[in-house]
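The next block holds one structure in the form of structure tokens; read it before the comments.
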Amino acid sequence: MPKLKTFNVKIETGDSGIDEPVQFSVNGFKVPFDNVKGAAQPGETMEGSYEINSFPHSLTLVGPDKGKWNIKKMSVEYNVENEAPYSITFGEITLDETNEANIWQDPPLPTFDV
């Protein structure tokens with residue numbers, strides 16, 4: 001497992017948003033994003049980042065304390081130690097107080113011609 005230095009997230013909210021700070025959980029600790037731009041209200045886009053400098057045994061996007069949050073699209077850019085930055089795009093998901101979305105993805109495997 002590589003050491004995650006930083007990650008950036010861009011979330012497009014669908015028809016059901018939230019009016020509270022967006023949080024994620026890393027290794028069981030709930031944390032709000034830094035450098036937040038925009039909002040997670042219906043039809044809006046929120047961007048945030050965080051400098052972790054740790055090994056993410058688990059990394060999840062946390063659902064709201066109350067209500068439902070419909071995420072239309074989410075992209076996450078990872079900056080890990082000794083690897084080129086990479087990004088993953090996630091499709092639609094609905095979060096609430098009972099669930100979280102796993103947003104950790106290992107770096108892609110190296111490719112080469114044979």
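Residues of region 1-29 being among the charged types (D, E, K, R) and free of Cβ contacts under 8 Å to residues at least 40 places away in the same chain, which ones?
Hit for region 1-29 is 19, nothing else.
What number of residues in region 53-105 are among the acidic types (Asp, Glu) and under 19 Å from residue 28 (Cβ atoms)?
3
In region 1-14, which residues are at pLDDT below 95 and either exposed (fewer than 11 other Cβ atoms within 10 Å of the Cβ) or hydrophobic (A, V, I, L, M, F, W, C) (or both)?
The answer is 1, and nothing else.
Looking at region 30-63 only, could you name the residues that are within 14 Å of the chain's Cα centre (by Cα), farther than 14 Å from residue 12 by Cα and not polar (S, T, N, Q)?
30, 31, 32, 33, 34, 50, 51, 52, 56, 59, 62, 63
So which strands (runs of 3 or more DSSP E) stay within region 3-114 end to end and still have 3 or more residues that are among the polar types (S, T, N, Q)?
Answer list for region 3-114: 4-13, 45-54, 69-80.
Please list, ordered by first then second residue, the pairs with beta carbon atoms under 9 Å, 6 or more apart or interchain, first in region 30-53 and among the polar types (S, T, N, Q), second in a loop (DSSP other than H, G, I, E, B).
Partner pairs satisfying both residue conditions: 41/17; 41/18; 41/19; 45/39; 49/33; 53/3; 53/81.
How many of the residues making up region 62-79 are modelled with pLDDT of 95 or more and over 13 Å from residue 40 (Cα atoms)?
Matching residues across region 62-79 total 5.
Within region 71-99, track down each residue that is touching a residue at least 40 places away in the same chain (Cβ under 8 Å), under 19 Å from residue 15 (Cα atoms) and surrounded by fewer than 18 Cβ atoms within 10 Å (Cβ to Cβ).
Scanning region 71-99 gives 72, 73, 75, 92, 94.
Taking the condition of being surrounded by 13 or more Cβ atoms within 10 Å (Cβ to Cβ) and either hydrophobic (A, V, I, L, M, F, W, C) or closer than 22 Å to residue 65 by Cα (or both), how many residues in region 100-114 meet it?
Of the residues in that region, 4 qualify.
The values are calculated or read from the model by the stated rules, or taken from the named source; none is laboratory data. If you're wondering where the values come from, they're calculated on a predicted model, not measured in any experiment. Here Cβ is always computed from backbone atoms with ideal geometry, including for glycine, and neighbour counts include all displayed protein chains.
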